[in-house]
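Each remark here refers to the structure printed beneath this line.
The values are calculated or read from the model by the stated rules, or taken from the named source; none is laboratory data. Bear in mind that the values here come from a model prediction, so they are computed numbers and not experimental data. Cβ: placed from backbone, ideal geometry, glycine included. Neighbour counts: every protein chain shown.
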Amino acid sequence: MSEMSGDGRRFPAALGEVARVEFAYGEDGEGGVDFEPYGAFDSAEETTDWIRHWTGNHELDGDDFRVFGQDGTGGLAAIWCVRPGRALDEQPVVFLGSEGERGVVAGNLSDFLWVLADGFGPMEAALYPERPACPDAGLTALAERHARTPRRAAREIVAGAAAEFPSFSGDLDALCR
């Protein structure tokens, strides 16, 4: 793992506040957000176990990821610690689905808060970024309290993050056995 500045396992206050939000998922799978945020990061051991099973590569450790939530199928939302010397909240947020789906959701935690405010969870942002936005007033207020980046549409944030990290999917494929 690249060395990060600060405490790489301290749960950000913004994510602690997100963990108290109850996300409503649409009955028919349309609309809503399929996201169950955690109140703390998965342990290093849990994360290592997960990445080894997800990739089939038992030589890996989970140091590059801080898992902080899941969707209803077990797909995980994580902070991807890929920017050397940068704080945890400056690292990108990614989604890794239970069936191998994946995507970069936001370039940093602040942008992730705006994605949530626009009505997208990690899975929706990674897999369905073109769906209509459904802004949420409570999550907008949360983002306004914590975000250090300007508000932008989720579609724009996801596209920017994907452009910044174009090799994310290929890099993951290279880890798989």
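You will find that of A77, A126, the residue that is among the aliphatic types (A, V, I, L, M), closer than 19 Å to E36 by Cα and in contact with a Pro (Cβ under 6 Å, 6 or more places away or on another chain) is A77 and no other.
Within region 89-126, the only residue that satisfies the criterion of being polar (S, T, N, Q) and in contact with a Phe, Trp or Tyr (Cβ under 7 Å, 6 or more places away or on another chain) is Q91. Contact map, region 142-155: residues that are over 20 Å from Q91 (Cβ atoms) paired with residues that are loosely packed, with under 15 Cβ neighbours inside 10 Å and of a type in the set (G, A, S), Cβ distance under 7 Å, separation 6+ or inter-chain. Pairs shown: A153/A133. If you go through region 1-51 and keep only what is at pLDDT below 65 and over 23 Å from D136 (Cα atoms), you end up with M1, S2, E3, M4, S5, G6, D7. Residue check: is G121 in contact with a helix residue (DSSP H, G or I) (Cβ under 9 Å, 6 or more places away or on another chain) and at positive phi? Against the criterion (in contact with a helix residue (DSSP H, G or I) (Cβ under 9 Å, 6 or more places away or on another chain) and at positive phi), G121 does not qualify.
Just one of the listed residues (F68, F35, F95, F41) is over 17 Å from E124 (Cβ atoms) and crowded, with 18+ Cβ neighbours inside 10 Å, namely F41. With respect to (1) more than 17 Å from the chain's Cα centre (by Cα); (2) at pLDDT 95 or above; (3) not hydroxyl-bearing (S, T, Y), the lone exception for A159 is condition (1). When the test is whether a residue is part of a helix (DSSP H, G or I), under 14 Å from the mean Cα position of the chain (by Cα) and among the β-branched types (V, I, T), V105 does not pass it.
When T73, T48, T55 are checked against the criterion of being touching a residue at least 24 places away in the same chain (Cβ under 8 Å), out of contact with any strand residue (DSSP E or B) (no Cβ under 9 Å at 6 or more places or on another chain), surrounded by 16 or more Cβ atoms within 10 Å (Cβ to Cβ) and of a type in the set (V, I, T), T55 stands alone in meeting it. Just so you know, in region 121-136 the residues that are within 11 Å of the chain's Cα centre (by Cα) and of a type in the set (A, V, I, L, M, F, W, C) include one that is surrounded by the most Cβ atoms within 10 Å (Cβ to Cβ), and it is A125.
Restricting attention to region 141-177, the residues that are out of contact with any Pro (no Cβ under 7 Å at 6 or more places or on another chain) and part of a loop (DSSP other than H, G, I, E, B) total 11. When L116, L142, L109 are checked against the criterion of being surrounded by fewer than 20 Cβ atoms within 10 Å (Cβ to Cβ), touching a helix residue (DSSP H, G or I) at 6+ places or on another chain (Cβ under 9 Å), at pLDDT 95 or above and within 14 Å of L15 (Cα to Cα), L142 stands alone in meeting it.
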